[in-house]
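Peer 1: One structure coming up, written as structure tokens, with questions to follow.
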Amino acid sequence: MLRHAIPCFLLAGALGSMGCSSAGAEASRARAASTEHAIAITHVTLIDPASGPRPDVTIVMVGHRITAVGPSASTPVPEHAQVHDETGHFAVPGFWDAHVHLTQMGMDSMPLFVANGVTSVRDMGSTFGDIVLWKQAWSTGQPAPRVFAPGPKIDGKGELWGDNWLVTTPDGARRAVDDLAAYGVDFIKVHAGLSRPVYDALADESRKKGLSFAGHVDEDYPAAWAAKSGQRTIEHGSSMVPCSDTVRAQLRADPKLVPLLKWVCASSNDDVMPELARAGAWLTPTLVSWRGKTMLLKEAPSLEGYRYVSAALEKRWLGDGEETAPQPIEREVLAQFGPLAANAHRAGVHLLVGTDIGDPYVVPGFGLHDEMQLFVEAGIPPLVALRSATLEAARALGADATTGSIEVGKSADVVLLDADPLANIRNTRRIGAVVQNGRWFDRAALTALLEPLTRRK
Ligand SMILES: [Zn+2]
């Protein structure tokens, strides 16, 4: 395990919790306070992710915070506020994408988040350099999401890489956690291929450092073990799908499909969902990334937002191999993650909406709406899909005191929709305006964010 020296000055001003405390941060807060302005959204139907719709509400935001939420008839609007009468429209909290890889996405694509109402993201493995740049973009008032990040992910089998640290011994795991804690990461990302002793050391050291850990499960740390060990979130649902003997035999018969046995099928068909629910672990099924594994480039134009996908990201999608059409059995098993997510919900497991940006055919920003739609198509109620894309992500990161819903004292992140997302989840795409960290983007401003990224008609 190499020690990565990240100079403190690099992190200073990056904010979030990543990095050393900084005078620059204080100065930028002071600057922000002096230019505070007020926004009032009146007569809107507020959709509270915890409890559902509240008609005719006024939301007041001053600077970066929400300062009042209440019935329009009795909630005073500050005299100097910019007032937006949103009669007939719907207000939801700024969305979270709880599984992104910012390094893989590239900074050029940054506007895709706010243009889609995504005001916060949880990175799941990127280089320190990129995380610092993205955090700076948010803290300096650019149209960027708030970022929670683990820095590089901890992996047991891959290579040492900028967004990946190779750890093969329990001592190495403890050193890695200590180093990441010193750099001020928001949590630890567990990746694949760790042995049980390495995983246990990582879990133990994270607890000692007061950091949560989240990520993959693998043979040596299956979902039930991970949840019991305190792993906060379980990504993808890989190795969790119950597969019949017939399906297993079909996969085993084709060398190209053998990896699916491990990626998809659970080693035992025992129902682990009650254990996840009991442990309070979240599941991020990343349905949109599983869907992408059955897609071909010629189908990409059917994806919303495809015309804004950068050349670099598209190149990443395609890799170096030739695309081959998926076989029926492949489609069949990869379609099982929707039912898995619905089953988790019914068992009382909380879910997160995360897309795994960087994976094939996951369009940044737009993919978040696809993911919510896939939740609902799998049988998850629209309000639960919305909650999983807002409040649950904030809860999973321990950030729900300041974000995740439209409440007094929380950050001014609000999405205004022209139609009711509870009536049809596709309405989350009908964005009329976005308030991102207190800054108002009307429809024209959101469109202007997208225009420079257009690559195709
Ligand atoms: Zn990922």
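Peer 1: Roughly what angle does helix 23-34 make with the longest principal axis of the chain, taking Cα atoms, 0 to 90 degrees, to the nearest 10?
Peer 2: It works out to around 40 degrees.
Peer 1: Averaging sequence separations of C-alpha pairs under 8 Å and six or more residues apart, then dividing by the length of segment 324-457, give the relative contact order as a whole percent. Walk me through the intermediate numbers first.
Peer 2: Working: 140 pairs, mean separation 20.6, N = 134.
Here the relative contact order equals 15 percent.
Peer 1: Could you list which residues have their amide H under 5 Å from that of LEU46, counting only those 5 or more apart in sequence or on another chain, with H placed in the peptide plane?
Peer 2: Under 5 Å from the amide H of LEU46: ARG54, ASP56, VAL57, ALA91.
Peer 1: Where q = 0.06, 0.07 Å⁻¹, what log10 of I(q)/I(0) comes from the Debye formula for the chain, counting one point per Cα?
Peer 2: Those come out to -0.25, -0.34, one per q.
Peer 1: Could you give the radius of gyration (one decimal) and Dmax (whole number) of the Cα atoms in segment 295-340, in Å?
Peer 2: 12.9, 33
Peer 1: Quote the relative contact order of segment 95-396 in percent (integer), defining contacts as alpha-carbon pairs under 8 Å separated by 6+ residues.
Peer 2: Values: 589 pairs, mean separation 57.5, N = 302.
About 19 percent, as a whole number.
Peer 1: Taking amide H atoms as placed 1.01 Å from N in the peptide plane, list the residues 5 or more away in sequence, or in a different chain, whose amide H sits under 5 Å from that of GLY237.
Peer 2: THR284
Peer 1: Still on this structure, I have one more. Output ³J(HN,Hα) for segment 313-325: one whole-Hz value per residue in order, computed from phi by the Karplus curve 6.51 cos²θ - 1.76 cosθ + 1.60 with θ = phi - 60°, and x for Gly and Pro.
Peer 2: The phi angles translate into 5, 5, 4, 4, 4, 7, x, 9, x, 6, 6, 10, 5 Hz.
Peer 1: Quick one: 3J(HN,Hα) in Hz for segment 117-133, Karplus 6.51/-1.76/1.60 with θ = phi - 60°, rounded, Gly and Pro as x.
Peer 2: Whole-Hz 3J(HN,Hα) from phi for segment 117-133: x, 8, 9, 9, 9, 10, 6, 10, x, 8, 6, 4, x, 5, 4, 4, 4.
Peer 1: 7 Å from Cα along Cα→Cβ at both GLU451 and ASP254: what's the point-to-point distance in nm?
Peer 2: In this crude spin-label approximation the distance works out to 4.7 nm.
Peer 1: Could I ask something else about it? Rounded to whole Hz and in sequence order, give me ³J(HN,Hα) for segment 51-58 from the Karplus expression 6.51 cos²θ - 1.76 cosθ + 1.60, θ = phi - 60°, writing x for Gly and Pro.
Peer 2: Working through the residues one at a time gives 10, x, x, 10, x, 6, 10, 10 Hz.
Peer 1: Aspartates and glutamates near LYS228 by alpha-carbon distance under 18 Å, same-chain residues fewer than 8 away left out - which ones?
Peer 2: Within reach: ASP200, ASP204, GLU205, ASP218, GLU219, ASP220, ASP270, ASP271, GLU275.
Peer 1: If you count the DSSP beta bridges with both ends in segment 95-396, what percent of them are antiparallel, to the nearest 5? Mind dumping the intermediate values first?
Peer 2: On the way: 2 of 24 bridges.
Just about 10 percent of them are antiparallel.
Peer 1: Can you work out the accessible area per residue across the chain, with the rest of the protein chains kept in place, probe 1.4 Å, in square angstrom?
Peer 2: 40
Peer 1: Which value in deg cm²/dmol, rounded to the nearest 500, describes the helix-derived mean residue ellipticity at 222 nm for the chain, given -39,500 (n - 2.57) per DSSP H run of n ≥ 4 and division by the residue count?
Peer 2: Taking each H run of at least 4 residues, the total per residue is -9000 deg cm²/dmol.
Peer 1: Of the heavy-atom accessible surface of the chain (probe 1.4 angstrom), what whole percent is carbon and sulfur?
Peer 2: About 54 percent, which is the carbon plus sulfur part of the accessible surface.
Peer 1: Non-local amide H neighbours of ALA266 (under 5 Å, H modeled in plane, Pro and chain starts lacking H): which ones?
Peer 2: Counting only residues 5 or more places away or on other chains, the set is MET240, VAL241, CYS243.
Peer 1: Further question: Report the FRET efficiency, 1/(1 + (r/R0)^6), for THR140 and TYR306, where r is their Cβ-Cβ distance and R0 is 25 Å, rounded to 0.05.
Peer 2: Calculated transfer efficiency: 0.25.
Peer 1: In Å, what Kirkwood hydrodynamic radius results for segment 230-323 from the alpha-carbon pair distances?
Peer 2: When all Cα pairs of segment 230-323 are included, the Kirkwood radius is 15.9 Å.
The values are calculated or read from the model by the stated rules, or taken from the named source; none is laboratory data. Just so it is clear, the model here is predicted, and its values are computed rather than measured. No Cβ is skipped: glycine too gets one built from the backbone with ideal geometry, and neighbour counts run over all protein chains shown. These area figures cover heavy atoms from the full protein model, side chains too; ligands, DNA and RNA do not enter into them. Shrake-Rupley method; radii C 1.70, N 1.55, O 1.52, S 1.80 Å.
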